[in-house]
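Student: Can you keep this structure in mind? I'll have questions shortly.
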Amino acid sequence: LADGDRLQFGDIHLRFLTGPGLRGRYLDLREQRAERDGLTDLRNATGFLHALATAALPCSLILVDVVGLGALNQKHGDVAADDVIVGISAVLRGLAAPPRAVARLDGGRFVLLVLGPQAEAQRVSEQATAAVATTTFATPRGSLRASVRTITAEVDPFDREGSLDRALVALRGP
C-alpha cells in the first residue's frame, strides 16, 4: 500500500496513511470530513457556516428543497431517493462553482451561497430549478425525475447565521 491509498470493504472505507506528521494529517482529514456530508460530499451545515462567516459581502443565499422527497422515498425506496439526492447535489455543484459554496443541510434541503446581491441569487435559483427539472436521475428502480422549490435571501452582514435561520423558516412555510 502507498500513502493515501483507499480500501473499501462493503460499507467500510479505509485510508492508508504513513510517514512523518501522521497524527497531524489524520486530524486534518478528520476535521475536513466533519464539515462534509457523507452521502453527497458537499459541505454540511457546519462547513457551510464556515464559508458563510468568511464570504465577501454582499452575498445571498438560495435555499433548495426537493419537492415530494418523502413520497419518492416511500414509492421507490431509500436507495432511489439517495440517488436522486446525489444527482441533485451534482446539478447544484455545477451551478455553485467558485466563488459560490453549496451544502446539503439535511434530507432534501440544500443551500447555496452566491456572491452578490439577491438579484444574482434569483438568477442562479432559476437556473437550479430548470436544471433539476430537466435532469433524469438514474436509480436501481429506473430513471426518475425530481423538482425543487427555492427561495432567495440576502445575507445580513451583521447577522449571517440569522440570515440562514430566517431563510430556513421561510422555506418551511407556515
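The values are calculated or read from the model by the stated rules, or taken from the named source; none is laboratory data. Note that the coordinates shown come from a computational prediction; the quantities given were computed from them, not determined experimentally. All Cβ positions, even for glycine, are placed from backbone atoms using ideal geometry, and neighbour counts span all protein chains on display. Accessible surface is based on the protein model in full, side chains and every heavy atom, while ligands, DNA and RNA are left aside. Shrake-Rupley method; radii C 1.70, N 1.55, O 1.52, S 1.80 Å.
Yes/no per residue for (1) part of a strand (DSSP E or B); (2) open to solvent by less than 20 Å² (accessible area, probe 1.4 Å):
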residue	(1), (2)
G94	no, no
A103	yes, yes
A131	no, no
G162	no, yes
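Student: Within the range 127-143, track down each residue that is among the aliphatic types (A, V, I, L, M) and out of contact with any helix residue (DSSP H, G or I) (no Cβ under 6 Å at 6 or more places or on another chain). Steps first, please.
Tutor: Going through the range 127-143, the residues among the aliphatic types (A, V, I, L, M) turn out to be 128, 130-133, 138.
Correct list: A130, A133, A138.
Student: Ok, one more. Going through V155, V124 one at a time, which residue ends up being surrounded by 13 or more Cβ atoms within 10 Å (Cβ to Cβ), at pLDDT 95 or above, of a type in the set (V, I, T) and touching a strand residue (DSSP E or B) at 6+ places or on another chain (Cβ under 9 Å)?
Tutor: V155
This table checks each residue for (1) in a helix (DSSP H, G or I); (2) modelled with pLDDT of 80 or more; (3) under 29 Å from V124 (Cβ atoms); (4) in contact with a His (Cβ under 9 Å, 6 or more places away or on another chain).
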position: Q8; (1), (2), (3), (4): no, yes, no, no
position: G47; (1), (2), (3), (4): yes, yes, yes, no
position: L61; (1), (2), (3), (4): no, yes, yes, no
position: V79; (1), (2), (3), (4): yes, yes, no, no
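Student: Going by the structure shown, is A138 within 25 Å of R36 (Cβ to Cβ), open to solvent by 70 Å² or more (accessible area, probe 1.4 Å) and either among the small types (G, A, S) or at pLDDT 95 or above (or both)?
Tutor: So A138 passes the test.
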